[in-house]
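In what follows, a single structure is set out as structure tokens and then discussed.
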Amino acid sequence: HGARSQHVTSHLILLAAVSVAVFFATMRVIPVCVSYHMRKNLVGRDINKKGTQGGEGSVPEAIGLAPGIVLVSGALVYQTLMLTLRTDTTPYDEAWHMEFNAGVVSVLFMVLLGFVDDVLDIPWRAKIVLPVFSALPLLASYRHGTDVVVPPPLRAYVPEVPGISVDGILYLGPIYKFYMVLVVVFCSNSINILAGCNGVEAGQSFVIGVGALVLNLLNVCSDDKNTAANHMLSASMLAPFLAATYALLMHNWYPSRVFVGDTYTYLAGMCLGAAGVLGHFSETMLIFFAPQVFNFIYSVPQLLKIVPCPRHRLPTFDTKTGLLTATPNYNLINLLLHIFGPCTEKDLTIRVLVVQVLSIAFGFGVRRALYELGWVL
Ligand code: UD1
Ligand code: MG
């Protein structure tokens with residue numbers, strides 16, 4: 001056990017060092033992307049400052065490319081160093097690295113998909129279908145059970161079905177894999193539609209990532225070897241992600257000097273979704289995603305075009321007061337303006353982030369409560 005916690009410590013130190021490097025590298029690469037993107041006129045209008053008709057675009061778009069490339073590079077350098085420094089007693093085996101690589105492939109696929117979307121504006125069908133393919137490496141490498149223990153009080157309601165439901169255990173098999181795909185597709189799209197004020201896309205992703213990383217750090221020394229390894233795997237994806245996101249957020253925070261683009265929203269959703277799936281806490285991750293789940297369900301009338309859905313579902317900028325007021329769009333940012341009244345763009349982002357922090361706290365509360373009851377999430 002002593003040897004194992006020594007491994008954990010040395011891996012965490014390596015991970016921290018790589019993440020610091022990822023932060024500084026992202027800070028360096030963002031201005032480079034800015035100049036290249038401006039040259040190709042990859043820019044957007046900052047709508048909440050002047051309104052939809054407010055002149056030419058001037059803020060560089062799709063700058064998520066910088067954190068995307070840096071964090072993937074950082075993750076691969078980390079893995080290489082990890083394997084170089086490995087010893088016979090290392091608790092992270094080949095299968096661990098296969099899952100790690102699957103996570104990297106999935107994130108990279110989404111960087112590509114997002115960047116293509118930013119440049120070419122692909123139809124929504126493609127945005128739903130393509131993430132399914134990017135989830136396949138996760139399914140292929142997933143080497144853990146797909147059975148679920150039914151909590152004791154619910155057992156009376158679950159019928160015994162030979163081969164599927166036996167003695168309070170559900171052998172979900174392909175159904176569980178289907179659920180994994182749904183999680184990943186949902187995560188990769190849901191960050192993107194909780195958007196529309198400076199800093200909100202990167203901000204929510206950062207808060208969720210911090211919540212998940214805290215959960216990982218509480219479990220990397222777990223007595224259960226698999227739990228410990230799964231959480232280290234998730235932490236290994238999230239730490240570089242958070243470092244790169246923080247650098248991006250410094251540029252994207254109000255007033256935005258760069259826009260993150262779908263390049264970032266897709267990669268962020270995938271990174272968080274994959275970390276939840278590979279770390280075996282996808283249920284907790286979905287609780288952390290409560291604002292995105294709510295925003296998605298609330299948006300359905302517009303997403304399905306039952307109610308008209310404009311290209312941008314942003315609030316209106318009131319030129320007299322300098323405040324944002326709600327529009328009749330069905331999304332969380334407009335709802336927050338309805339409930340708490342008009343506010344500045346920066347305060348609106350802060351409101352969303354407060355809701356996000358509360359959801360993380362709720363997620364930890366639910367885990368704690370279930371633990372007290374003797375069930376594990
Ligand atoms: C999603 C939202 C859309 C929202 C848009 C921008 C849905 C279904 N889609 O679309 O309602 O308007 O994100 O957040 O909910 N922009 C700003 N300020 C910001 C961020 C973006 O003005 O803080 C504008 C810029 O003009 C930028 C553009 O939005 O160029 C980016 O939009 P994009 O990410 O391509 O929109 P979608 O993801 O398709
Ligand atoms: Mg977007």
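The values are calculated or read from the model by the stated rules, or taken from the named source; none is laboratory data. Just so it is clear, the model here is predicted, and its values are computed rather than measured. With ideal geometry, Cβ positions are generated from the backbone for all residues, glycine too; neighbour counts draw on all protein chains shown.
Assorted remarks:
- Residue within region 268-289 that is away from ligand 1 (no atom under 11 Å from the Cβ) and charged (D, E, K, R) present: yes
- Only one of Ser106, Ser134 that is at pLDDT 95 or above, away from ligand 1 (no atom under 16 Å from the Cβ) and surrounded by 15 or more Cβ atoms within 10 Å (Cβ to Cβ): Ser106
- Residue count for region 197-255, restricted to those that are among the small types (Gly, Ala, Ser) and closer than 16 Å to Phe364 by Cα: 3
- Some residue of region 161-172 being away from ligand 1 (no atom under 16 Å from the Cβ), of a type in the set (Asp, Glu), surrounded by fewer than 20 Cβ atoms within 10 Å (Cβ to Cβ) and at negative phi: no
- Odd one out for Arg311 among (1) free of Cβ contacts under 8 Å to residues at least 12 places away in the same chain; (2) within 16 Å of ligand 1 (Cβ to nearest atom); (3) farther than 30 Å from Pro31 by Cα; (4) not in a helix (DSSP H, G or I): (3)
- Residue that is within 16 Å of ligand 1 (Cβ to nearest atom) and modelled with pLDDT of 95 or more, where the choices are Val260, Val210: Val260
- When residues of region 188-202 are limited to those that are among the small types (Gly, Ala, Ser) and more than 10 Å from ligand 2 (Cβ to nearest atom), the one modelled with the lowest pLDDT: Ser188
- Among all positions in region 247-259, there is at least one residue which is within 16 Å of ligand 2 (Cβ to nearest atom), of a type in the set (Val, Ile, Thr), on the phi < 0 side of the Ramachandran plot and not in a helix (DSSP H, G or I).
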